[in-house]
1. Using the beta-carbon distance between ASP62 and GLU120 and R0 = 30 Å, what value does 1/(1 + (r/R0)^6) give for FRET efficiency, to the nearest 0.05?
2. So what are the ³J(HN,Hα) numbers for the stretch 92-100, from phi and the Karplus equation (6.51, -1.76, 1.60; θ = phi - 60°), rounded to whole Hz, Gly and Pro as x?
Amino acid sequence: MRIRTAAAAAATVALVCALTACSGSTDQPSSEPETTASEVSQKEKDDALAAAGIPPAPTGADRQALLDTLASAAPDVVRYEDEAIDAARNQCSAINGGAGMLDYLAAQRFTYKDVTTTEEQAAKINEALQSSGFCKL
């Protein structure tokens with residue numbers, strides 16, 4: 001009996017959600033054009049990332065230099081290069097934003113798949129990111 005009641009309640013909620021999603025406040029088309037993610041310019045994206053303290057994704061020699069910097073601090077973190085680059089960019093946001101517990105945050109960001117980063121290694125990563133100038137915007 002409980003299963004039927006729960007199923008009926010779930011079906012009712014789903015129906016209400018579906019109906020509310022279809023209804024609008026007016027039948028008139030909006031005079032404001034809708035903006036989609038594809039309409040946001042690359043400059044606007046770059047500006048938003050910079051405002052969040054995240055440097056642009058490095059390419060070519062700059063990418064390799066960042067990977068070498070990270071490898072010198074904690075060799076395992078570069079096993080997955082794309083994850084290491086993303087983690088470094090996100091860690092820059094914490095560094096540039098003056099976050100606390102930077103070593104803890106770096107240890108979390110640079111731990112993925114079968115790579116585990118200690119706070120001691122994370123401290124070296126933070127030092128490397130700051131001394132290399134990668135996080136400077």
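1. 0.65
2. 4, 4, 5, 5, 5, x, x, 5, x
Where a number appears in this text, it was derived from the coordinates with a stated rule and is not lab data. Because the structure is a prediction, the values reported are computed rather than measured. We place every Cβ from the backbone using ideal geometry, glycine too, and count neighbours over all the protein chains shown.
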